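J.: Here's a structure for you.
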Amino acid sequence: MNELAKTYTPQDFEDKWYSYWLNQKFFHAEPNPDKEPYTIVIPPPNVTGVLHMGHMLNNTIQDVLVRRARMQGKNACWVPGTDHASIATEAKVVQLLREQGIKKSDLSREDFLKHAYSWKEKYGGIILEQLKKLGASCDWDRTRFTMEPKLSEAVIDVFIDMYNKGLIYRGLRMVNWDPQGKTALSDEEVIHKEVQSKLYYIKYFMADGSGDFVTIATTRPETILADVAICVNPTDERFLHLHGKKVLVPFLNREIPIIADEYVATDFGTGCLKVTPAHDVNDYALGQKYQLPVIDILDESGFLNAEAKDPRYIGKDRFAVRKQIAIDLEEAGHLVKTEEYKNQVGTSERTGAVIEPRLSLQWWVDMKKFMARNPQVLDAVMSDEIQFHPAKMKNTYKHWIDNIKDWCISRQLWWGQQIPAWYDEKGNLVAVAKTEAEAILIAKSKNGQELDASSQQPMHLHQDEDVLDTWFSSWLWPISVFDGFEDPENADIKHFYPTNDLVTAPEIMFFWVFRMIMAGYEWRGEKPFSNVYYTGIVRDKQRRKMSKSLGNSPDPLDLIAKYGADGVRMGMLLCSPAGNDILFDDSQVEQGRNFANKIWNAFRLVKGWEVKPDSGFSPEIIEANQTSARWFAGRLHDALIDIEDKYKGYRLSEALMSIYKLIWDDFCAWYLEMVKPVYGEPMNESTYQTTLAFFEELMKVLHPFMPFITEEIWQNMAERKTGESICVAHYPLPVKVDAPDLSRVFESIQQIRNLRNAKGLSPKEAFEIYIKAKDISLYAPHSFLLQKLANVSAIHFVNAQPQGSTLLPIDTDELFIVLNLAIDEAAEREKIEKEIAYLEGFMKSVDAKLGNEKFVANAKPELVEKERQKKADAAAKIEVLKVSLAGF
RNA sequence: GGAGGCAUAGCUCAGCUGGUUCAGAGCAUCUGCCUUACAAGCAGAGGGUCCUUGGUUCGAAUCCAUGUGCCUCCA
């Protein structure tokens, strides 16, 4: 290679290498009995989604793990794909149609789905293309979609299987109703938000015409139209005289009873509770207990229906009615007062609409029964057979399972897998089966009828209109992407399942992680993955969650364009330990970019050397370079072990930091400076080769984190053939070396630099130094290095402090410099005295420890020995300083 | 209302089973340098009552308890 740009310009090569990787199929994996499998399934992003910072973090982590595994020679397979996201997608399509003047209600199911599919073909999966910009090394040939035919079939089969096992039932229950999406939601899809609302105090007059009244407090006055009782606490003395009496519902004058139940808190509101079974979960329970009627005044959109009786409100939105009825109540003299009140309101995760509790017939998974069949779902996590990172997530997991509730899996939507349940003309459930024909067969055999179709009346069934919850397909993901339901013994699933690592956000632990574990044990008798890495939430500097609505989220693609994918990846990872939120700021990405630039320039340096055979160099230089190389080899060895350790603990940001320091500090700041020829001089052949070899090792270690720049450099290091790539090169293993101890040399260099800084001396000005050391061999063999790096013209080994010199303590040794400057003796003395005072204080504390019989008796012997050593060292240092002080 | 987590430098975090790492890192800050790989850089420096108060212990950032403050999940 001839020319390298002076600064790092990622735009020049990132796309080029990504295409190369794809063309060479480096990311594609097939089952291979000779290789250890390493599998990750992507948390499938919504098919409607666009890449945001959360995806960036999540997928960068997965890519690091999978790239490293690939380089370690494992059969690495990262399966990508998308989720059909029933509510989100349907909402989007409905909105799009509305913009075109088409109402969903005017379309047949088939026509709507046609629109939805064409939308998906056009816009769906953009996010996967965006992931490529990031460098994600997914096996794109394996891209799956949760609603593609094969995966849908798996979902239907699972539903039928569960129904037959008695794990699924249909029941009339209070559900979370999303009036905008017009569908039921599971508890997990409801987000509770604190809102400022009003508490209305409303008079209900007694039915006996006495003019007496009770006052109730409610945040939802519109629901009085659905009231069926008033409830008080039986111990509440204020209301003892009212038990069994009746009151009139304002406006409607419907007579409703006053009942007594412990449920009512005496200290909230007025102590009188209105009971509205159709519109509140707790009221529903009360209604059941006292066999009260259920009056449902809301339709599926949250508008008041004819049951509300009062024509002023029928056909109007619940929030409009809330305002209006408050005014009307006031006019009619029913409103006592209103108060400001903070309460929690459930909203839909997908549409943001305020949730209405609504009584409806839905399909449910019997979770308790499921868990009883599969106790491993909890046990595997608690025993670390499935490891959570960070481990503290285990608590949350357990607590949730201990309080598990049934899972509502039906959704009143069209975009999704239609529930395979069949009903007769009267709406009775006849059978659960894949097709109508099968359902008829089941129905007939259940009735004990002969399977002689000709002799029977023709039977007409209709299928359940609802579809299944999206998560009812995503929980099968680790199995279904390998077609493990249709063909449980196929080569893919046998090789790649169970997968290794799952990387996901903590907030979907219950939605997804937990349920995948359930599915894994139920259908494969095996865990779906061995490790779960919970990422943090990406926030801005003010700790606000990044969101579109706040506009505080940078567009990841803009960031990549500006700083390069490597810089963005590094910026994201540098400060994101597992489970910790990441406070994102451009400056971190800048740091990543700067690091890339540093590497780039180091490579420019090495590539720019004029290389000549060793024979033309002085033995001194050759030897110094060999020493330097041995030293760096030692550092590399230690760092590789350290990095390996951090990977094992899934401490990726720390692993990256170790690599960062290894490259920047050890390699660039020390090693390269040690071997760098003076300007204009050539480099000897053997050192050049060694340096290049180190560089290659460093690039490999860094590659999982910064794939592009490492590939670019690796390709430029030597002649590479097509088909070769750093992404399939062997990951470095630590090699034990006999490394020289340069610690005293380095310390000397730093002390000299420090002195220069303090005295305002130019680094260009060379001076002589004097060393008084116990063991000269720690210095003498490395004189050349010391001179080169500290700009020292000569080194003298002495037994006493030279006249008029300044002392620099190097551990227990002494380094002296004779400066051609007037020495401020007083200041020097003070400095040394301070040092002595400090050391004496230190020794005192060590002495106290050693003088403590209990310490000597209880502490480990090696610890006591260490303390004694410390004391001896400190004493030696004090001695040195005192001698120096005497010299003044 | 219930449960869990966290609190260490200006910021983000390490500090594993108590004892030398006399409390560490990166970034930021400050000082001096445009020293021909890199100013997206180099060489240095400063900066912490380890949230409060108790307890256990020869010894506590580390273990226990209390309080305070923040966060998350659930109702």
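The values are calculated or read from the model by the stated rules, or taken from the named source; none is laboratory data. Only a predicted model underlies this, so the values are computations on that prediction, with no experimental measurement involved. All Cβ positions, glycine included, derive from the backbone under ideal geometry; neighbour counts span all protein chains shown. To get the accessible areas, we keep the full protein, side chains included, count just its heavy atoms, and leave off ligands, DNA and RNA. Shrake-Rupley method; radii C 1.70, N 1.55, O 1.52, S 1.80 Å.
J.: Please tell me if residue A:385 is part of a loop (DSSP other than H, G, I, E, B), under 30 Å from residue A:502 (Cα atoms) and out of contact with any helix residue (DSSP H, G or I) (no Cβ under 7 Å at 6 or more places or on another chain).
T.: yes
J.: Quickly run through segment A:403-412 and pick out the residues that are closer than 16 Å to residue A:511 by Cα and surrounded by fewer than 21 Cβ atoms within 10 Å (Cβ to Cβ).
T.: Once the filter is applied, which keeps residues that are closer than 16 Å to residue A:511 by Cα and surrounded by fewer than 21 Cβ atoms within 10 Å (Cβ to Cβ), segment A:403-412 yields A:403, A:404, A:405, A:406.
J.: Could I ask something else about it? Identify the residue in segment A:490-510 that is assigned to a helix (DSSP H, G or I) and over 17 Å from residue A:386 (Cα atoms) and, among all such residues, is nearest to RNA strand B (Cβ to nearest atom).
T.: Of everything passing the filter in segment A:490-510, A:507 is nearest to RNA strand B (Cβ to nearest atom).
J.: Would you check if there is a residue in segment A:65-81 being out of contact with any strand residue (DSSP E or B) (no Cβ under 7 Å at 6 or more places or on another chain) and within 20 Å of residue A:478 (Cβ to Cβ)?
T.: yes
J.: Filter segment A:516-540 for residues that are away from RNA strand B (no atom under 16 Å from the Cβ), open to solvent by less than 10 Å² (accessible area, probe 1.4 Å) and assigned to a loop (DSSP other than H, G, I, E, B) and give the result.
T.: Listed by number, the residues that qualify are A:528, A:529.
J.: Please specify each residue of segment A:171-189 satisfying the condition of being over 19 Å from residue A:284 (Cα atoms) and within 16 Å of RNA strand B (Cβ to nearest atom).
T.: A:188, A:189
J.: Here is a follow-up. Which members of segment A:236-282 meet the condition of being assigned to a strand (DSSP E or B) and among the small types (Gly, Ala, Ser)?
T.: Within segment A:236-282, A:260 is the sole residue that qualifies.
J.: With segment A:98-207 as the region, which strands (runs of 3 or more DSSP E) entirely inside it contain at least 2 residues that are hydroxyl-bearing (Ser, Thr, Tyr) and open to solvent by 20 Å² or more (accessible area, probe 1.4 Å)?
T.: Per the criteria, A:190-205.
J.: When residues of segment A:790-800 are filtered for being within 16 Å of RNA strand B (Cβ to nearest atom) and either without any contact (Cβ under 8 Å) to a residue 40 or more places away in the chain or open to solvent by 60 Å² or more (accessible area, probe 1.4 Å) (or both), how many remain?
T.: So the count comes out to 1.
J.: Moving on to the next point. Could you grab me the full set of residues in segment A:850-876 that are near RNA strand B (Cβ under 7 Å from one of its atoms), among the charged types (D, E, K, R), assigned to a helix (DSSP H, G or I) and open to solvent by 90 Å² or more (accessible area, probe 1.4 Å)?
T.: A:854, A:866
J.: Moving on to the next point. Taking helices (runs of 4 or more DSSP H) that fall entirely within segment A:558-652, which contain at least 2 residues that are exposed (fewer than 15 other Cβ atoms within 10 Å of the Cβ)?
T.: Passing ranges, in order: A:586-608, A:619-648.
J.: Considering only residues of segment A:246-285 that are modelled with pLDDT of 85 or more and of a type in the set (S, T, N, Q), which is farthest from residue A:332 (Cα to Cα)?
T.: If we take residues in segment A:246-285 being modelled with pLDDT of 85 or more and of a type in the set (S, T, N, Q), then A:276 is farthest from residue A:332 (Cα to Cα).
J.: Something else about it: If you go through segment A:45-76, how many residues are in a loop (DSSP other than H, G, I, E, B), at pLDDT 95 or above and of a type outside the set (Lys, Arg)?
T.: Here the count works out to 2.
J.: Is it true that residue A:704 is assigned to a loop (DSSP other than H, G, I, E, B), more than 21 Å from residue A:66 (Cβ to Cβ) and within 31 Å of the chain's Cα centre (by Cα)?
T.: Answer is no for this residue.
J.: Output the number of the condition that residue A:375 fails; it satisfies all remaining conditions of (1) open to solvent by less than 70 Å² (accessible area, probe 1.4 Å); (2) away from RNA strand B (no atom under 16 Å from the Cβ); (3) touching an Asp or Glu at 6+ places or on another chain (Cβ under 8 Å).
T.: (3)
Conditions tested, residue by residue: (1) on the phi > 0 side of the Ramachandran plot; (2) assigned to a loop (DSSP other than H, G, I, E, B); (3) buried (at least 18 other Cβ atoms within 10 Å of the Cβ).
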{"site": "A:391", "(1), (2), (3)": "no, yes, no"}
{"site": "A:397", "(1), (2), (3)": "no, no, yes"}
{"site": "A:414", "(1), (2), (3)": "no, yes, yes"}
{"site": "A:425", "(1), (2), (3)": "no, yes, no"}
{"site": "A:430", "(1), (2), (3)": "no, no, yes"}
{"site": "A:437", "(1), (2), (3)": "no, no, no"}
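J.: So, residue A:174, is that one in contact with a Lys or Arg (Cβ under 8 Å, 6 or more places away or on another chain), closer than 30 Å to residue A:323 by Cβ and modelled with pLDDT under 90 or not?
T.: Answer is yes for this residue.
J.: Just to check your reading of the model, which residue among A:66, A:79, A:50, A:41 is surrounded by fewer than 23 Cβ atoms within 10 Å (Cβ to Cβ), away from RNA strand B (no atom under 16 Å from the Cβ) and of a type in the set (Val, Ile, Thr)?
T.: Answer to the selection: A:50.
J.: In this structure, does residue A:709 turn out to be touching a residue at least 12 places away in the same chain (Cβ under 8 Å), within 15 Å of RNA strand B (Cβ to nearest atom), under 44 Å from the mean Cα position of the chain (by Cα) and in a helix (DSSP H, G or I)?
T.: For residue A:709, the condition - touching a residue at least 12 places away in the same chain (Cβ under 8 Å), within 15 Å of RNA strand B (Cβ to nearest atom), under 44 Å from the mean Cα position of the chain (by Cα) and in a helix (DSSP H, G or I) - is met.
J.: Based on what the data block shows, is residue A:777 of a type in the set (Ser, Thr, Tyr) and modelled with pLDDT under 85?
T.: For residue A:777, the condition - of a type in the set (Ser, Thr, Tyr) and modelled with pLDDT under 85 - is not met.
J.: Please tell me if residue A:881 is within 11 Å of RNA strand B (Cβ to nearest atom) and closer than 30 Å to residue A:759 by Cα.
T.: Judged against the criteria, residue A:881 is not a match.
J.: Now, a different point. Restricting the search to segment A:155-198, which residues are among the hydrophobic types (A, V, I, L, M, F, W, C) and in contact with a Cys (Cβ under 6 Å, 6 or more places away or on another chain)?
T.: A:175, A:184, listed by residue number.
J.: Taking residue A:742, is it touching a Leu at 6+ places or on another chain (Cβ under 9 Å) and at pLDDT 95 or above?
T.: No.
J.: Also: Output the qualifying pairs, or none if there are none: Cβ atoms under 6 angstrom, residues six or more apart or on different chains, first residue in segment A:592-615 and more than 9 Å from RNA strand B (Cβ to nearest atom), second residue open to solvent by less than 10 Å² (accessible area, probe 1.4 Å) and not aromatic (Phe, Trp, Tyr).
T.: A:592/A:567; A:592/A:570; A:592/A:571; A:609/A:683; A:611/A:683; A:614/A:684
J.: If you scan segment A:754-789, which residues turn out to be within 16 Å of RNA strand B (Cβ to nearest atom), loosely packed, with under 15 Cβ neighbours inside 10 Å and part of a helix (DSSP H, G or I)?
T.: A:754, A:757, A:758, A:759
J.: Right, something else. If you go through segment A:77-90 one residue at a time, do you hit one that is free of Cβ contacts under 8 Å to residues at least 40 places away in the same chain and either within 26 Å of residue A:186 (Cβ to Cβ) or part of a helix (DSSP H, G or I) (or both)?
T.: no
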